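See structure below.
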Amino acid sequence: MSTRTRSVLAVLAIGALTLATACSKGNAGGTTAGGSPGASASPTNLTALFAPPKITIGTADDSKGPAIPPEGVVKGGTVNMIDRDDYPHLDPGRVYDNVTANFHLMISRGLTGYKRVATGEYKVVGDLATDAGTVSDGGKTWTFTLKDGVKWQTGEPITSADVKWTIERLFADFPIEGPPYIQQWLTEEDFKKAYKGPYDGKELSNIETPDDKTVVFKFNEPHADANYAFAMTGYDIVPKAHDTKEKYDKDPVSSGPYIIAKHVLDKSMDLERNPNWDPATDPIRGAYPDKWHLEFGYQSLAVTDRLIADAGDDKKTFSFYTNVAAERTQQVLQDPALKDRILRQPSPYGDYYYFNLDRVKDIKIRQAIAYAWPTKQIQTVNGGPDTSVINTTILNPSVSGWQDYDIFGFKAHPEGDIAKAKALLAQSSNPKPTIVYGYNNTPTQQRETVAIKNQMAKIGVNIVAKPMDTKTWYDQTSKVDNGLDMYWGGWGADWPTAATVFPVIFGPVRDGGYNQSHLNDPAVTAEIKRIMGLSDANEANQAWAALDKKIMETITPLVPALNNLALQLHGSLIGGAENDPISWVISPNTIFLKNS
Amino acid sequence: MTSPLQATTSEHTSDAVDAAIAVSGAGQAPVGRSPGQLMWRRFRRDKTGVISAIIVLFFILVALAAPLISAVYGKDPYTTYGLDNPGLLNQYGFPILPNGGISSDFWFGIEPGLGRDVFTQLVYGIRTSLLLALAATVATTVIGVVIGIVIGYTGGRIDYFTGRAIDILLSFPSTLFIIAFMPVLENKFVAPDAETPTWLRAFALIFFLTFFGWPSLARLLRGNVLSLREREFVEAAKVTGASPGRIVFKELLPNLWTPILIQSTLLLPALVAAEAALSYLGVGMIEPVPDWGRMFQRGTEVYVDDITYLIFPGVALLIFIIAFNLLGDSIRDAFDPKIRR
Amino acid sequence: MLRFLTRRSIGALFTLLIIAVVTFFMFFAVPGDPARLSCGKVCPPESLVLARHNLGLDHPIFVQFVQWLAGIFVGRDYPTLGHCPAPCLGYSFVNKEPVFAAIVDRLPVTISLTIGSAIIFLVFGVGTGVIAGLRQGKPLDKIASVSSLIGASVQIYFIGTLAVYFLVFQWHVVERPRYVPFTENPLEWAYGLLIPWIVLAVIFTANYTRMTRSTMVEQLSEDFVRTARAKGMSNRTVVLRFALRGTLIPIVTIFGIDLATLIGGAIITETTFSLQGIGRLSIAAVVDSDLPMLMATVVLAAAAIVVFNVIVDALYAVIDPRVRLT
């Protein structure tokens, strides 16, 4: 699966871009078919294992460095990292995908960021800023103050002018790959039309820099979680004095704990300490190793085999995103010697089987299908409970404020509640409905569709399965008039609050948009608007969770899909390795080398 | 074959020798035998040829009788037995019984993941493979023969330009081309929001296989026609004022049946293999149509845990192709006894 | 000879040009928008326009083709990526790296695969063919023809996977196929590619055995061989000087075709053994709608075929003086 290193668009189409499944583009996404045979492996209660992360807003105190060290931390040494792909962009303004963003933690900083407080517990804190931002004007104005002692690798101080420049340059013609939020909030949806960037001398008037340390953003509307948006790598800063436009992508200036000492494209990269980075200013990055040696071009099997063998220098080796290869899943899970070196983490994305509400109008039919949904069968087809966990809610459990519920018994009756479904269908407008199910024509999806079709036949629902070409699959399902009744769709939240989920997946209905169920309910829209206007983030999160359940209960616009599980290994001398529940990769922040 | 077979000298002699043997074997006075009869006699004496013909016939029969076999056996290739009945697949989707879940109920085991019956999938898979390959073989042969004869006979510019076109087609990296442009064909025939029907995918496969298959056959026949064109009997026909149509159909074509038959017998297994390869790469028939190539694709995914699921289609395809290749060889030998293998 | 080579080279270039044109124009008939893929998750219309511009997709297709073609000879300039020196095959749509570098990076894998297996199947195929031809009807001959028949009928993804299953997973005889550059460690290089070589050899050998055998049989019954024998030439001389020589032409022909097929992208082989050569690169290009990469791999595969055709024809004249090159 090519979710990790390609543009984030690929996240929307997990599995969409694979032709020959497992062996093609690596197994970064963790949907590894195959798995374990035999009855030897005991089923583990994975649900209990994966408590959702807690993410809250930190205080100014939380924003002070240094970072909270992991247990038994040791400083120094050279850590090796092996992965399949080099990073497509070194210019932070062009970064949107989780893997590249994860790498950028080492060389660039932003106004805010995620501080790990304990396992599974995170706080949004000020990174370059002294705190996570001050809101005024009902959420429209955000003010940040830069810390003292934050410097570029050149030794020059980081100023508010740099921050302003960073945002303004995103309007220029070349950075098209990054996130659009801040730009849109400052101007309009098609923001590149509104302003052409700072290179011809024009400034953006609603970013104000009253002094060298203060920067003020004035948005058109309230945005209670702008501090989450600023934590995205796409808004990490770029020096005004050293911005080389397109060429910056090859030769960036570091603001983080390391600088790139050597980079052989697609082969390797060596990082050394940035003498001008002061741990006392950084609450997020531990930066314990002295040096990093990154190597690229390793397929998941090669990575897995090296890490299993754990020989020589490979003891000091890990991989940011490479998952255990499908062929080794069974071996890795059943080998007690590897137990301490395994990392598992469910995906933070939301994947759904959407109903097209324009066509499947009877809620009883939708709910009957939900009750009968073959969750367990689909899980089996995809490799069993070792590769995915069952989801019952619209929001991913990693989203702040998430609350559990299981209205349709996806966990209680994972094989589908046929009796209940039949009873509901009998009361519906059409006891023998035909459902046109569009799916992405990949081998895995083909098999999944067979399971769905057979199951639905049992309750008298006739599934007309439409294989759709991988490349156009998203374009076709995201059309308003798509002629389909049900289809798979995914959405990866850009930061872990529902504010980048509900307003999108239940937002405006338009061609190419992400409201794929076409839910257009005035009550829901009003509630979304109300919550967006809340300035208290915790209150908002609670309200989102309540809305999640209410939508599922009263509208049932979708059936939640399985949540893929990452399975990673690391060398025996690597300490502090954790799969970050927000970015779904191993963060460099806590990595250290144990004493051998 | 009604027209005189203008064989080369050596062929002629060996034909005569063969005829003599046939005669002496029968212990009767020499009787005239048509080349077709001679060929049939020679073929019948070739044990390998007869056995492979029986195997090929068996495959064809199985394909034809698939629904009957399925009914007697009591299972079909579509039901997901493993998902519907607990106790067949473990939680990881693999058969609980050893050897891919082979049992008295499931003779060839069950498919990992979906838990369908492997035996009926194989049986119905023959249908898919044979039907696609047969259609592509017929199309390739017809197009190859027509173009080969036309350019061979007319010569000149048509020959030159078609020859260059054939050169170019033969230089295309065809597998890659098919994978890349399969969607184009479907895109042209199906509205973006309409279903891609099974027949269209089948047609697309047949189309592409034919598109890259005909040039070599055409080239081969062109060569044959070129040498025939200079022969006395064609010259004679021309002199007597026969129309080009008559010359092509009455004089040339009868002499080309041998290479055509041999080539198309060898073409069929090659196309079965090509279709399986495309399926293996993910551009074959779509679920739930049973398809050998797709079984390979799944088989190579799960082989570490369930090798049985790979072995059945693998061995079946191997037998099928060997039998067809042997049959092709035997037909060739029967037609052209000079080349003994 | 020179005239022949010039003429054929021009013809080959023309063939490649046509293939390039067809592929290029067909690409735009494929549904899917590479610009959308290179734009972010939420891609406002203006950004999409810019993405299209940055990829050079905002010109008419014909102009794009001319730009692509010209780039090969004189290099080309990109709106945001700067100058790409000749021979410029363009920048990959996906990672914005020069396609030329990617090809150079992957080609050694495919070439190693080709050379290793070619040596095995050529030596082994011709060897068994000669022996079988000399001992017609003997057990060895029969074994050779049966095994060559199976070899010719078997599928690489089937026996390749079986070989990996048994040799790697069951018997632990060798490691899983992988590629180590020859320059790094020749032993590891050979060791890592051993299974693919053997599997390819098993499949390809069959052809050579059959071809060598049947030509040998034919040659040995030719008048000039009989004459030579009658004149008292030793069997060895006869075989080496006459019979074997006659087998060269058909062998050179199929060897040329096989080499071209292998270099031009052993898609199935590389997929079966998870080797990252040109074949996998080309599949990735298709999946990613990466036009410059697709063009490069298609043209490379076609060039392999065309070039080997010319070489084979030229070799005919070298082998057999009767052949006149025109």
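The values are calculated or read from the model by the stated rules, or taken from the named source; none is laboratory data. All values derive from a computational prediction rather than experimental measurement. So basically every Cβ, Gly included, is an ideal-geometry build from the backbone, and we count neighbours across all protein chains shown.
For the criterion of being in contact with a helix residue (DSSP H, G or I) (Cβ under 9 Å, 6 or more places away or on another chain) and within 13 Å of chain B (Cβ to nearest Cβ), A:GLN379 passes. Residues being hydrophobic (A, V, I, L, M, F, W, C), in contact with a Lys or Arg (Cβ under 6 Å, 6 or more places away or on another chain) and either touching a residue at least 24 places away in the same chain (Cβ under 8 Å) or part of a helix (DSSP H, G or I) (or both) are entirely absent from the stretch B:94-113.
Condition test on B:LEU64, is it hydrophobic (A, V, I, L, M, F, W, C), loosely packed, with under 13 Cβ neighbours inside 10 Å and either within 28 Å of the chain's Cα centre (by Cα) or within 14 Å of chain A (Cβ to nearest Cβ) (or both)? So B:LEU64 fails the test. All of B:ASP167, B:ASP105 fail the test of being more than 14 Å from every other protein chain (Cβ to nearest Cβ), surrounded by fewer than 21 Cβ atoms within 10 Å (Cβ to Cβ) and among the charged types (D, E, K, R), apart from B:ASP105. Taking C:ILE195, is it assigned to a helix (DSSP H, G or I), away from chain B (no Cβ under 12 Å), touching a helix residue (DSSP H, G or I) at 6+ places or on another chain (Cβ under 9 Å) and modelled with pLDDT under 85? So C:ILE195 fails the test.
Every listed requirement among (1) crowded, with 20+ Cβ neighbours inside 10 Å; (2) closer than 24 Å to A:GLU156 by Cα is met by A:HIS242 save one, (1). Scanning the stretch C:23-43 for residues that are within 11 Å of another protein chain (Cβ to nearest Cβ), in contact with a Phe, Trp or Tyr (Cβ under 8 Å, 6 or more places away or on another chain) and closer than 12 Å to C:VAL298 by Cβ returns C:THR23, C:MET26. Can you find even one residue in the stretch C:217-229 that is part of a helix (DSSP H, G or I) and modelled with pLDDT of 85 or more? No; the residues of the stretch C:217-229 include none that is part of a helix (DSSP H, G or I) and modelled with pLDDT of 85 or more. Listed by first and then second residue, the pairs linking a residue in the stretch C:51-62 that is within 15 Å of A:PHE174 (Cβ to Cβ) to a residue that is charged (D, E, K, R) and assigned to a helix (DSSP H, G or I), with Cβ atoms under 6 Å apart and 6 or more places separating them unless they lie on different chains, are C:ASP58/C:ARG52.
All conditions but one from (1) of a type in the set (A, V, I, L, M); (2) in contact with a Phe, Trp or Tyr (Cβ under 9 Å, 6 or more places away or on another chain); (3) within 30 Å of A:SER300 (Cβ to Cβ) apply to A:ALA545; the one that does not is (3).
For the residues C:VAL146, C:VAL130, the requirement of being of a type in the set (A, V, I, L, M, F, W, C), assigned by TED's automatic domain parsing to the domain that holds C:ILE251 and surrounded by 19 or more Cβ atoms within 10 Å (Cβ to Cβ) singles out C:VAL130. In the condition set (1) assigned to a loop (DSSP other than H, G, I, E, B); (2) modelled with pLDDT under 80; (3) within 14 Å of another protein chain (Cβ to nearest Cβ), B:SER10 is compliant with all but (1).
Checked against the criterion of being in the same structural domain as C:ASP33 (by TED's automatic domain parsing), touching a residue at least 40 places away in the same chain (Cβ under 8 Å) and polar (S, T, N, Q), the stretch C:84-98 has at least one qualifying residue. Residues of the stretch A:246-262 that are in contact (Cβ under 8 Å) with a residue 40 or more places away in the chain and out of contact with any helix residue (DSSP H, G or I) (no Cβ under 7 Å at 6 or more places or on another chain): A:GLU246, A:TYR248, A:LYS250, A:ASP251, A:PRO252, A:SER254, A:SER255, A:GLY256, A:PRO257, A:TYR258, A:ILE259, A:ILE260.
For the subset of the stretch A:305-346 comprising residues that are among the hydrophobic types (A, V, I, L, M, F, W, C) and without any contact (Cβ under 8 Å) to a residue 40 or more places away in the chain, which member is farthest from A:LEU567 (Cα to Cα)?
Pass one, the stretch A:305-346, residues among the hydrophobic types (A, V, I, L, M, F, W, C): A:307-309, A:311, A:318, A:320, A:324-326, A:332-333, A:337-338, A:342-343.
Okay, now just the ones that are also without any contact (Cβ under 8 Å) to a residue 40 or more places away in the chain, so A:309, A:311, A:337.
On the way: A:ALA309: 17, A:ALA311: 20, A:ALA337: 16 Å.
Among those residues, the one meeting the criterion is A:ALA311.
Here the helices (runs of 4 or more DSSP H) wholly within the stretch B:171-261 that include at least 2 residues being surrounded by 17 or more Cβ atoms within 10 Å (Cβ to Cβ), modelled with pLDDT of 85 or more and in the same structural domain as B:MET285 (by TED's automatic domain parsing) are B:174-189, B:198-229.
Go through the stretch A:420-447 residue by residue and tally those that are assigned to a helix (DSSP H, G or I), modelled with pLDDT of 90 or more and charged (D, E, K, R). Show your work before the answer.
To start, the set of residues in the stretch A:420-447 that are assigned to a helix (DSSP H, G or I) comprises A:420-427, A:443-447.
Next, from what is left, pick out any that are modelled with pLDDT of 90 or more: A:420-427.
Now restrict to residues that are charged (D, E, K, R): A:420, A:422.
Total satisfying the criteria: 2.
I want to confirm something. Restricting to the stretch A:88-97 and keeping residues that are buried (at least 24 other Cβ atoms within 10 Å of the Cβ) and under 18 Å from A:THR244 (Cβ atoms), which single residue is farthest from the other protein chains (Cβ to nearest Cβ)? Before you say what the answer is, go through the steps one by one.
At the first step, the residues of the stretch A:88-97 found to be buried (at least 24 other Cβ atoms within 10 Å of the Cβ) are A:89, A:91-93, A:95-97.
Checking which are under 18 Å from A:THR244 (Cβ atoms) leaves us with A:89, A:91-93, A:95.
Working: A:HIS89: 9, A:ASP91: 11, A:PRO92: 13, A:GLY93: 11, A:VAL95: 10 Å.
The qualifying residue farthest from the other protein chains (Cβ to nearest Cβ) is A:PRO92.
Scoring B:VAL289 on the criteria (1) in a helix (DSSP H, G or I); (2) within 14 Å of chain A (Cβ to nearest Cβ) leaves a single failure, condition (1). Which ones in the stretch B:294-304 are in contact (Cβ under 8 Å) with a residue 24 or more places away in the chain and either within 23 Å of the chain's Cα centre (by Cα) or more than 10 Å from every other protein chain (Cβ to nearest Cβ) (or both)? The answer is B:MET295, and nothing else. Just one of the listed residues (A:GLN379, A:GLN345) is under 27 Å from B:ASP305 (Cβ atoms) and in a helix (DSSP H, G or I), and it is A:GLN379. Residue count for the stretch A:53-78 satisfying the condition of being part of a loop (DSSP other than H, G, I, E, B) and either in contact with a His (Cβ under 6 Å, 6 or more places away or on another chain) or within 20 Å of A:ALA540 (Cβ to Cβ) (or both): 4. Taking residues in the stretch B:115-137 that are farther than 30 Å from B:PRO215 by Cα, and partners anywhere that are in a helix (DSSP H, G or I) and charged (D, E, K, R), the pairs with Cβ atoms closer than 9 Å and at least 6 places apart or on different chains are B:GLY115/B:ASP84. Might you let me know whether the stretch A:454-466 holds any residue that is surrounded by 18 or more Cβ atoms within 10 Å (Cβ to Cβ), polar (S, T, N, Q) and away from chain C (no Cβ under 14 Å)? Yes, that holds for at least one residue.
Looking at A:ASP162, A:ASP131 in this structure, which one is under 24 Å from A:LEU534 (Cβ atoms) and away from chain C (no Cβ under 14 Å)?
A:ASP131
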